[in-house]
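Reading through the C-alpha cells given below for one structure.
Every number here is computed from the coordinates shown, using simple stated rules; none is lab data. This structure is a prediction, so every number in the text was calculated from the model and none was measured. Backbone-built Cβ (ideal geometry, glycine too); neighbour counts: all protein chains shown.
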Amino acid sequence: MMALLGDAEPAVRGVVARRGPLGPERDDLWERMIRSEITERDYWQRRSDEVGAALGRDWPIQDFMHTLYALAGDDIIRPAAAALAADAQATGRRVGVLTNDLRAFHGETAMASHPFLRGVDALVDASVTGILKPDPRAYALGADALGSAPGDIVFVDDMPWNIEGARKAGMIAVELDLTDPQRAFDEARDALDLPRTADGVVA
C-alpha cells in the first residue's frame with residue numbers, strides 16, 4: 001500500500017521507500033520499533049507526519065490510513081484472516097479481535113460498520129480500553145470477552161512482543177511474517193484442525 005502511495009504522490013517516494021521489511025530501503029524507524037524503542041502507534045504517526053509534510057498539508061493518521069487502504073483497494077482485514085475466521089465459526093468456535101489501534105487508526109466508522117468486525121464474537125480495542133498488548137491485562141480482557149480459557153485460544157499477530165505476551169498468557173501464539181503471511185494462517189489452521197487454504201480459498 002505504501003508503494004502505491006509513492007506511485008500516486010511522487011513527492012512522498014523517499015518516505016515510502018522505507019516501509020518496514022517490505023521496502024527497498026532500510027527502515028531505521030521500523031527497526032527502532034522492533035527493538036521496542038518506540039511503539040507501533042508512534043511508528044505510524046511518524047510516517048503519517050512525514051507523508052503529510054512531503055505533501056505540504058496536515059494529515060491526521062486516520063486520513064493517512066484511509067488513503068493507504070483506498071489506493072490499494074484493500075480491506076483492513078486480510079482475506080486469509082477473514083476466511084480463517086469464517087471457517088472457525090462454521091465449526092462452532094468463537095472468534096475475536098484483540099487490537100491496539102483500530103479506533104485510533106481507522107475511526108468509529110470502521111468499528112461500527114465493517115462486516116467482518118460486526119461478525120466476530122468479541123472485539124477488544126486498546127484505543128478504547130487503554131490497555132495495550134503486550135500488557136497481560138489485554139490478553140485477559142480478550143479471553144474474557146471470548147469466554148475461553150487462554151490455552152484454547154489461537155492468537156495471530158505480526159509483532160513479536162505481542163506474540164511473546166500471548167505465549168506468557170498461555171495462548172497458542174502464531175507470529176505472522178509480513179513477507180509470508182499465508183504461512184501464519186496455515187499454522188493457525190493446523191492448530192484449529194481446519195483445512196489449509198491457498199490465499200484464503202479452501203484447498
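Which listed residue (Met111, Phe64, Trp44) has the Cα farthest towards the positive end of the charge dipole for the stretch 28-113, taking +1 on Lys and Arg C-beta and -1 on Asp and Glu C-beta about the Cα centre?
Met111
At 0.36 nm per residue, minus the direct Cα-Cα distance, what do Asp193 and Arg46 gain on full extension? Give it in nm, one decimal, please.
Full extension of this stretch gives 48.9 nm more.
Along the charge dipole of the stretch 79-202, which of Ala188, Ser127, Ile172 sits closest to the positive end, that is, farthest toward it, with unit charges on the beta carbon of Lys, Arg, Asp and Glu (+1, +1, -1, -1)?
It is Ser127, whose Cα lies furthest towards the positive end.
Answer rounded, prolate or oblate for the stretch 75-203, using the Cα gyration tensor with square roots of eigenvalues a ≥ b ≥ c: rounded when a/c is under 1.5, else prolate when a/b is larger than b/c, else oblate.
rounded
How much length is gained if the chain between Asp158 and Arg35 is pulled fully straight, taking 0.36 nm per residue apart and subtracting their Cα-Cα distance, in nm to one decimal?
42.9 nm
Around Asp125, what is the net charge, scoring Lys/Arg as +1 and Asp/Glu as -1 over all other residues with Cβ under 9 Å from its Cβ?
With Lys, Arg at +1 and Asp, Glu at -1, the neighbours total 0.
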